[in-house]
Every structure is written in C-alpha cells, then in structure tokens.
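Data block below; observations after.
The values are calculated or read from the model by the stated rules, or taken from the named source; none is laboratory data. All values reported here derive from a predicted model rather than from experimental measurement. For neighbour counting, all protein chains shown are included, and Cβ atoms are generated from backbone atoms with ideal geometry for every residue, glycine included. What goes into the accessible areas is simple: the full protein's heavy atoms, side chains included, and nothing from ligands, DNA or RNA. Shrake-Rupley method; radii C 1.70, N 1.55, O 1.52, S 1.80 Å.
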Amino acid sequence: LPTSTVTVTPDHPVFTGETVNLKCVIESHSDWRYEWYKGTDSVMSQTSDRYTVNKNTLTIRGATESDQDQYWCRGRRDERPKSSQSSSKVSLIVA
C-alpha cells in the first residue's frame, strides 16, 4: 500500500494561538479522501470550528494546550488500492 506521511507547519513547537497546518502526503495515486485522527479519535468527529479539513490539509486555528496530542492520517479511495497505510504519528507540542 502507498504510505502516507504528515508534515507540520510551522515547525515545532507551536505557540498558543497560532494556526497550524498538518498536511497528509500520500505517494503515487491521487483522488484520496483524507481521514485525520487525533490520538485514537477521528478529528472529524470532534465538533469544533477550529478544525477544518481542506483536501489533504488539516488546519487548527488558535492552537491551545488541548490540541497537544499525536495526529495521523490515512487515505481512502474507491479504486484500488482502497486505502493507504496509516502515517506514523506526529506529536503536536503547544508551548
């Protein structure tokens, strides 16, 4: 399966109140639907105006200490391969 990787902008640590972009990069194929996870929970199940997902980028606005956790992503699609390998977890540190 193609591997997904997460990149974080700005570099660590992130300061309280900053906007953070986490980008999910999957080798090879396009047309992925990106799923984001924080710890063990799906980010999309959290009802928060501060989290938005646009294609492969998860944006966290006004970072707080509660955003400090491990984030990871996975891709899904209808054609083969149906999913990507989960990315390794990225620890977000809010200072």
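Sorting K89, K55, K82 by accessible area (1.4 Å probe), largest first, what list results?
K55, K82, K89
Hey, what's the chain come to in accessible area per residue, 1.4 Å probe, Å²?
59
Find out how many positive minus negative residues lie around G75, taking Lys and Arg as positive, Asp and Glu as negative, among other residues whose Cβ is under 15 Å from that of G75.
+3
Using the Kirkwood formula on the Cα atoms of the chain, what hydrodynamic radius do you get, in angstrom to one decimal?
About 13.4 Å for the chain.
Given a 1.4 Å probe and every protein chain left where it sits, what share in percent of the accessible area of the chain is carbon and sulfur?
Whole-percent figure for carbon plus sulfur exposure: 47.
Need one number: % antiparallel among DSSP beta bridges in the chain, to the nearest 5.
That works out to approximately 95 percent antiparallel.
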